[in-house]
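I have placed the structure first, in the form of structure tokens, so that the comments after it can refer back to it.
The values are calculated or read from the model by the stated rules, or taken from the named source; none is laboratory data. Treat the numbers as computed from the prediction; the structure is a model and nothing was measured. Glycine gets a Cβ as well: all are built from the backbone with ideal geometry, and neighbour counts include every protein chain shown. Quick note on the areas: whole protein, heavy atoms, side chains included, nothing else; ligands and nucleic acids left out. Shrake-Rupley method; radii C 1.70, N 1.55, O 1.52, S 1.80 Å.
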Amino acid sequence: MAPGEGRVGSLAWTRETKGKLVPRDYPPLVGQLVLVLGKGVPERILGRFGLLRGFREVSERHLRPPDEDSASLKAQDEAEKLCRRLTPSFLIGHSRRTYTWASILAARDRIAVDHTVLYVACLLHDVGLSEAHRGPAPPACFTLVGAKQARRICLSAGWPEERSRKTEEAITLHMNPQVRRRDGAEAELLSRGSQLDVLGIGFWALTRGARAWVLGRFPREAAKEGFAELFRREHHHPGSRAHLYSRLGIRWLIRAAPFDD
């Protein structure tokens, strides 16, 4: 069985259900959310008082994967082109920051990862939220749109099926509050990078200089209000994970994130 198969948020589950939850799916997701938010409380307290030693080692290498084979470079280039067309425009910066945060976390925690898979997944994980890619009848879960685009790009670039699937899996799983290492390093890091950028989870584990370095390259462009608006819109997709988090008040958590905008 492939990593994450059958689990809520996995590629197999999302394809089968179109991303619609059933009653038994709610308790695990709510439990994950409570655990993730709870783990962030001590970090936030320690960080506020300057008692947490943040990760410092950031550089240009965290902005894009290292040069690889032609198939990897082709997929990267195509993902970048698609990312540049995302609307509203703050999603472009969010996608770029998500990879940068994730790449920094991989270095800090010494996680072995396929950086190109991670990069493509990060750039495309919110394609389904973009006004330019929402059809007249979008699926219940927007991650299916990003996974479909990722598959098209990866296979067109000549990637093997397994590598393409890892990219798709990371995209559909990232909306779970807790993604485990056994689900794939790329899926775990995409989830953590996105959570850091939206909710600030993990923010204090980086130094002020490291945080400023990332935000200076990819300004947030009123991202808090943008994310809150997207969740308001996703509230109209009953049964989706985004709808669940909207009902639980995620917009308040977004506004409480330790970013200026």
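See the values below:
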read-out: Exclusive hit being in contact with a Cys (Cβ under 6 Å, 6 or more places away or on another chain) and open to solvent by less than 10 Å² (accessible area, probe 1.4 Å), set Thr143, Thr116, Thr98; value: Thr98
read-out: Looking only at segment 60-92, and only at residues there that are open to solvent by less than 10 Å² (accessible area, probe 1.4 Å) and part of a helix (DSSP H, G or I), the one that is nearest to Ser194 (Cα to Cα); value: Leu91
read-out: Index of the failed condition, Glu229 passing every other in (1) within 20 Å of Val34 (Cβ to Cβ); (2) surrounded by fewer than 23 Cβ atoms within 10 Å (Cβ to Cβ); (3) acidic (Asp, Glu); value: (1)
read-out: Enumeration of residues in segment 180-199 that are aliphatic (A, V, I, L, M) and under 28 Å from Asp260 (Cα atoms); value: Ala187, Leu189, Leu190, Leu196, Val198, Leu199
read-out: One residue from Trp252, Trp213, Trp204 being touching a helix residue (DSSP H, G or I) at 6+ places or on another chain (Cβ under 7 Å) and part of a helix (DSSP H, G or I); value: Trp204
